[in-house]
Each structure stands twice: as C-alpha cells, then as structure tokens.
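Here is the structure we will look at, set down as structure tokens.
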Amino acid sequence: MQKYVVPIKPVKLYRRTRLIEQIDISLSGQAKFLFIKAPAGYGKSYLMIDYANHILQQSGLVVWTSLDSDDNKSEFFFSYFIDSLKAQGLVNDGLFYDENISQLSFVYQIISELQSCNKPVFLFFDDFHNIHNRVIADFFQQLIVNSSEKINVVIASRIDLPFPIAKAYVAEKVCKLKAHELAFTENEILQYFEKFNQRLLTADEVSNVFSMTGGWPAVISMHKNLSHWTTGSTNEENLAAYFLEEIFVGLSEQEKHCLLLISISDFLCEQLIDTITDSSDFSANVIKKFPVMRLHKKNLTERFEWFALQPLLKDYLYQQLSIHNRDDIKDLHQRCANWYLSNHIFLEAVDHCIKAEQYQSAVAILEEHGNTIIASGNFPRFNVLISQLPYDVLLSNIYLLVLQAWNYSLTYQHRKGELVIENLESMLNQKSEVSEREQLKLLAVKAAHAAWTDNFSNYQQRVDNAMSKRPLALPHFENSLRVVQCIGFLHSNQFEKLRETGEDAEFFARGGSLFYSTVTIKVTLAMLEFIQGNTEQCLGKCDEVTAFINSQQHDSQLAHMVNVMRGMAAYITGDLKLTKQFFDTSGSIISYIAEPSFLAWYYVTHIQLLTDLNENEQRELMIEQLLELLESRQISTSKIPLYYEAIRYYLFTANPEEANTIYESFKAENINTHTQENNHLLFNASMIDCLMLSANGDMEICIVKLTQVINDFEQSSRTLQQVRALVFLVNIYIIGKDIHNAKIALKKVISIASKKNIIQYLGRLDKVAIDLLNEWSLTELSPRRKTFMQDICKRFEGLDMRKRFELQLVEDLTAAEQKVMQLLGTGNSNQQIADQLCVSINTVKTHLKTSYAKLGVSNRIQAIQVFGQMQQTKNQW
C-alpha cells in the first residue's frame, strides 16, 4: 500500500455494503470520529479502502495515511501529515508543526484550515496500533474533543487507542466498529462463496461455516474450500468472540505476561516455553487453555512435541508485546536463539539472532552450520534468512556468499547465482593469498552451478582432480562435489564409478548431516537402474531412499523426487493410473528441486503419458510451458527431449510446417548435437535429426544414423533408450515397406523388452508391427515371450490409452463393489441391494462410498454413468 495515497482497490475485494451503510449513518449525525478495532484478519484495511472510494465517488475529500512504526516520532508524523494536507490544497502553505506551541493551538489551526473547505474532509489513519507516542496521542484526543462538522476521522487499529475516548463515546462524538460487527453474517458468507468460489452453499453449510468461524473474514477467505469446514470440529465456540473477549478471561497477571512472552517464537514446545517464561508451571497449561496447532516439524527435531499459537492470535499477542515490552523483545529473541542453538536447531537460531539484531551471532552460526542447513534441502527458509542480513555484513563474508551462491544454483536462480559467484571471485582476487579451503568452496559452488545449467563438462576434470585428493578438509563441500560427479558419471556412462561414489556417499551420510547430497546421489543410483531397464532394482533403491529420508530429522520435499521416480517406473511397466497419481502429487514440486537431466526424463515421460491418455491439448500446453521454463533457467541440453516430442506431435498430426519451424528453432540454438554430449537423454539430438529425415523421405540416411544411435545405447547399457530407438527403427522400416528388416528389429525389441518387462514404450509401434507380433505369437515356443507378446497385442491393438486407463479403474473395483454397482445400475435402492446380496445396508453404503472415490464421482447418477461406460469398454475389449 502506498503510504499517503488511498491504496488501489483489490480486484477481488468483497464489498461490505452493510458496513458502508452503517458507517454513513453513524457519521451523518453528531459523531465525526470512527474507530474500527479488531485483530488482524477482520478486513479493517479493506473496509477503509472501500469506504474511502465510496467518499471519493460522492465528491468528498480524502486524506489517507498508512502508519508504521517509523511514524511513531512526532516530528515525522506531523511533517508527513501536513505535507499530505498541503498536497491536496487543504491547508495554507504557511502551516507547519512547532513542538514549542501548545497542542491545543495546533489542533485549532488544523480545524480552522479544514473548516474552510467547501466539502467534507475525511482523514483516514490505517494500522494505528503502531502509534504509542504521547504527543501524537494527545493530538488525536484534542481533535476528537474539538471536532468540527466538516472534519471526519477514521482510525483502524488492532488494539485500543493510546488515549482515552470513553467520555467522547458517551457524548456520542465517537462511533465504534468492533470485531463482531466486521465478522461476516451468514448471508455474507453465502455471497462470498458464490462470488469467489463459484459455489452456492446450502443453509446447513452456511450455518456450519459460521458456527466454526464466528464469521472471521480472514479465516473464511483462507479456507474457501468447504472441506475445511465439513470435516467438523466438536468445538463450535464463536472463534472471533473467543479471541477478542475471552482470551485473557480467568488468567492471572503472571499468566497474561507469560502468554505475551511466548508469542516471541513461531514454534513452541514445553521446554522452550519454560526457557522463555522462566516458569515450569505455565507451559503445561498452554495447550489446554489456548487455541494452538499441533506441528510435525522434522526440521526442528522430533525430540520435542511442537505446536504453535493460532497465527492470528500470535500476531495479536506479539503486537501487545511490542507495545508493552519493547525493551524486552531483543533479549527474548536472544534467549530463544540460545535455546535453539543448544538443541541444534540452526535455522531458528539464526532467525532469532537476526530479530535480536545480533548479526555477528547469526553469521557465526551460519559459518559453522550453514552447510548443514543447505544440506537439509530447506532452501526457501535459508533464502529468507540470509536475505535479512544487512548487505554490508553479507558482502564482507566470503563463506556467506558461498552459501548464497550454492542456494541460488540448486534452486535454478542462475542469474543471481552468477552475480554472487562474480562477487566471490572478485573478493578472492583481492586477497594476497587464497587458502585451499577457499579454493574448494569456490570450486564446489561453480561445479553445482555448472551441473544445474547443463554445463558440467566444463568442470568435470577440475572436480575429478580435487576428488582424487579426498578426504577433503570440508566434508559438506566434498559431498557437493560428489553429487556433481555422480551426475557426470551418469551422463558419461561411467556406471561403475557412479556405484563406487554412491557407496562413498553412504559412508558420509551417517548421522544425516549431508541430507540433500545423499538423497540426490541415491536418487541418481535409482535413475541408473531405471535407464538400464531394471525396474525392480530401481524401486528397491527408491525404498532405500524413502527409508533414509524417514530416518532423518529433516522437513524436506526431496521425497517427491522418489515419488516421480516411482511414477516413471510405473509408466514403463504400463501402470498408467499409478503413474498419473505420482505425477499429479509430486510433478510440479520437483521442478524446483531436481537436477536438469532428471527433470528431462520426468518431463518427457509425463508428456508421453498425456499422449497415451489422448489429453493432447494439455500435452501441447505442457510442452510450451516447459520450453519457456527451461529457457528462463538457461538450460539447453535438457530441452532436447521436449523438442523431440513437439516435432513428433506436429509430424503425426499432419502439420509438417509447424514441425519444421520448431526444428529450425532447435538448430538455431546451436545445441551441441554430439551423442556423447546428450546421450543420457531418452531422445537425443541425433533422434531429432532422424525424425526430420524420415519426414522428408531420407530413409537410408535416417536408418544409418538411427542404427548408430541404437548401437551407442546398447554399448553403454542404456536399455530403455535402446528399446525406444528400436521401436522408432521398426516403424521406419515399415514406412519404407522393408518388412524383413522390420521383423529383425522387432524381434530384438521383444527380446529385450520381455526380459525387462518394458511395456508402455511398445505402444508406439506401428499397427503393422502389432499385426506382425500377433502372427509371431502363434508360433513362439517360449511361454514367457509368447505371453508377453500376446499381452502387448491385446493392450495396444485397437484400443486407445484413454480407454485402457479407464479400464484400469474398473478393474480396481473389488468383486463385491462391482456387484453393488451393477445392481445400482438397474435401479435398485440401497435396501434392495442389501437384501439381494444378503448383507447389511451399512455394508452397501460402504461399498458405494469406496466405489465413488475410485470412479471419481460424487453421486449415484454419475457413478451409474461412469461404470456403465467403463463396462461397455471392457466388453469391447
């Protein structure tokens, strides 16, 4: 919000017509002073913005001031206030504040100037709880007592005003709006959900929301999804009234004081409360007496039972603490910092040191434990903390810059990372002697930045040289180099070295202090099994990673990498439903935590899934969005599979012009197309060339080039890529009417795929190839291979993937659930179904509820329709 201009009216502002009319009536009489008092979240500011715009529409004069703690000095406040009046021509240019004249004389001057205006003047002061200066308070008290007909004052505050207004209130010179009046009525809740959630609530739903929230606007707006209310809470107390009127009821002065003190920390446990309050009696009753939220914060530590005060209550208490205990706040923060540090909870220790303005203490913690913080993978919180340090403190510390650059590199903020690395190099160049440790730190940061921008080959030799001297002096940086080494080994087919390095990582991971690097290396090992077609071994590695994550005290999103890995494995074996579940849950999250080549495999697998499900519009949109994302991240090589899928899509939808345009864009980017540079990808640059060669009829050149790609994949044991390229080759032979060679390539595909249970890639085979498999299966002697071929033909012959996906859902219904659905489809009631199946009606209801969830429906009619369609598909199958 702009400080002295009426803030822009939010687009999604819910107009409180009832309150606007109430204020108009209140200020039309003797009262010219409106006091809006409510805790945070009651829409005070939005109401004032709405009312200020209402006044402007009626040609009134509005003077707006958004207050903050800096305005608590009288010379600043009055200077800015008078300037804002002068800017609108409301007072004489000669008017100024003089602390030597009486407060009453100054108020008379203001009133006299404003009284001469030909329109009513409205003075708005938002966030008045920041003001506790005695001089300013006296000014407002005099302004109320000596109010004028044309001057209206509107003040919003979370707390009582710092001056008495009881007499003015009795004399009807002041009107108040309290929290219960700002709360939504049931009718407003109905309108709000209809406007912003496109949901027309029933009377019971409206009543439920109101009884659970007391109409608290912030709570309602933060939880527009009805599921937050329909789960139910046994406590139907009016939350708004509870927070405002009853929070201090029955408490002793000592308890009130302790409650204010514990608002100093975002997270609480009994041991920390005892430290903050110097009292062992208070902590045991906090959870019983006050509204709190239970927390599961592994990054804090599982040794304590964590909870937090309800956020709006905490904010209210902290405001009170800031007013009444201002001198104690820094000491309290320092006390919290010491406790967190003693319990090895470093992020919170740094946070409280910064709030206590003990910046050198914060730096000392970061210098000693910053590696652990980064290694935990808690990047967003680290970024917030380090940005709160004064700029001169940050720039004067090489190690903090290293941590910041490391953080930027691993979170794809490459431009920021490059700037920090430049600062680092500049600082080191100015030193007469650079230590081995400093050189190692700079190398680790540069290597991470290179790996996350697809340019690791430029640093591979330097990293290998450094690692040849291990153990290095800095274990965290050593494991960082080990991560980028593993990525390089995976790219360059040095699989044995990758496994050896992974074993080293297991040793260094003891105790969990190298959490991020260890998880990344373990996922890379799972990726190795995946690309070699060893699905079971890949899932076994995923189980190991999950067990490791669960054994550590970290609140991390790295488990989503494992989910996506499981989803890719499920796709290979043809389980599209499971793939979709994993991708929907974790796909969007890993875009910000996984390294580029892992993302390249995930993205292309997700695009193939959308293709198989005939979700072409979503598929095309995803390709476009991902190309833009990778472009913004300065990633080139990992874009190659996306180019392949985009070109293939347009070729197979008879749009060669668009395909050629994308191909030219691909070539214009000067991407290095040597196979050793991008052979780690499912589709490399050579395969893109083959796509265009086949589209242009250059079959011979295409076959030669594609055969070389297949041989490279085979020699490097990249089984999945080999199978995918072989499928491409089979189709090329069929297009060229070379059935003999098509059969030879097809036999090789089946020989590999049947051993590794690679199913879904064979869905790209031409229909002629499927017919050839049908013929071959009739004479195949190997039972395992015969069954595999029959399954492939059955799966992909004349049935699109969307129907297959739907069929999987039907097959997920148990026999009992299918019987219930069949009887439901013939018009039977729940009781009739129960009688026919000889079960209780509750059993029938349970089957229906489970079936609805599996079918993705919410009522009987939808369930009958979806089940009927799927049964029809199954019969056709």
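Considering only the stretch 145-206, give the helices (runs of 4 or more DSSP H) lying wholly within it that have at least 1 residues that are more than 30 Å from GLN109 (Cα to Cα) and modelled with pLDDT under 80.
Result: 179-182, 186-196.
Residues in the stretch 123-131: is at least one part of a loop (DSSP other than H, G, I, E, B), in contact with an Asp or Glu (Cβ under 7 Å, 6 or more places away or on another chain) and of a type in the set (S, T, N, Q)?
no
Do we have any residue at all in the stretch 124-145 that's touching a strand residue (DSSP E or B) at 6+ places or on another chain (Cβ under 9 Å) and acidic (Asp, Glu)?
yes
Identify all residues within the stretch 259-276 that are among the hydroxyl-bearing types (Ser, Thr, Tyr) and either without any contact (Cβ under 8 Å) to a residue 60 or more places away in the chain or within 13 Å of TRP306 (Cβ to Cβ) (or both); write none if there are none.
Within the stretch 259-276, SER263, SER265 meet the criteria.
This table checks each residue for (1) under 25 Å from ASN53 (Cα atoms); (2) buried (at least 16 other Cβ atoms within 10 Å of the Cβ); (3) under 36 Å from the mean Cα position of the chain (by Cα); (4) outside the structural domain of ILE25 (by TED's automatic domain parsing).
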position	(1), (2), (3), (4)
LYS119	yes, no, no, no
PHE125	yes, yes, yes, no
HIS132	no, yes, no, no
LYS150	yes, yes, no, no
VAL174	yes, yes, no, no
GLU188	yes, yes, yes, yes
VAL206	no, yes, yes, yes
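Output the qualifying pairs, or none if there are none: Cβ atoms under 6 angstrom, residues six or more apart or on different chains, first residue in the stretch 629-653 and over 19 Å from ILE589 (Cα atoms), second residue hydroxyl-bearing (Ser, Thr, Tyr).
Between residues of the stretch 629-653 that are over 19 Å from ILE589 (Cα atoms) and residues that are hydroxyl-bearing (Ser, Thr, Tyr), the close pairs are GLN634/THR453; ILE647/TYR663.
So LEU85 passes all but one of these: (1) over 28 Å from TYR46 (Cβ atoms); (2) surrounded by 13 or more Cβ atoms within 10 Å (Cβ to Cβ). Which condition number does it fail?
Single failed check for LEU85: (1).
Any idea how many residues of the stretch 27-45 are touching a residue at least 12 places away in the same chain (Cβ under 8 Å), surrounded by fewer than 20 Cβ atoms within 10 Å (Cβ to Cβ) and among the hydroxyl-bearing types (Ser, Thr, Tyr)?
Qualifying residue count, the stretch 27-45: 1.
Go through the residues of the stretch 800-810 one by one and say whether even a single one is within 26 Å of ASN616 (Cβ to Cβ), of a type in the set (Lys, Arg), modelled with pLDDT of 85 or more and part of a helix (DSSP H, G or I).
No, that holds for no residue.
Considering only residues of the stretch 649-663 that are buried (at least 18 other Cβ atoms within 10 Å of the Cβ) and touching a helix residue (DSSP H, G or I) at 6+ places or on another chain (Cβ under 6 Å), which is nearest to GLU620 (Cα to Cα)?
Across the stretch 649-663, the extreme among qualifying residues is TYR650.
For the stretch 579-608, give me the residue count where each residue is in contact with a helix residue (DSSP H, G or I) (Cβ under 7 Å, 6 or more places away or on another chain), under 13 Å from VAL564 (Cα atoms) and assigned to a helix (DSSP H, G or I).
Total satisfying the criteria: 18.
Determine if the stretch 755-770 includes at least one residue that is under 21 Å from ASP689 (Cα atoms), in contact (Cβ under 8 Å) with a residue 60 or more places away in the chain and of a type in the set (Phe, Trp, Tyr).
yes
Only helices (runs of 4 or more DSSP H) wholly contained in the stretch 1-100 count here; list those with 2 or more residues that are more than 43 Å from the chain's Cα centre (by Cα) and aliphatic (A, V, I, L, M).
Ranges flagged: 17-27, 74-87.
Could you tell me which of the residues ILE710, ILE758, ILE752 is assigned to a loop (DSSP other than H, G, I, E, B), under 42 Å from the mean Cα position of the chain (by Cα) and not acidic (Asp, Glu)?
One residue alone meets the criteria, ILE758.
Please count how many residues of the stretch 468-491 are assigned to a helix (DSSP H, G or I) and more than 26 Å from LEU681 (Cα to Cα).
Number satisfying all stated conditions: 4.
With respect to ILE323, is the statement that it is surrounded by fewer than 20 Cβ atoms within 10 Å (Cβ to Cβ), among the hydrophobic types (A, V, I, L, M, F, W, C) and at pLDDT below 80 true?
Yes.
The values are calculated or read from the model by the stated rules, or taken from the named source; none is laboratory data. All values derive from a computational prediction rather than experimental measurement. We place every Cβ from the backbone using ideal geometry, glycine too, and count neighbours over all the protein chains shown.
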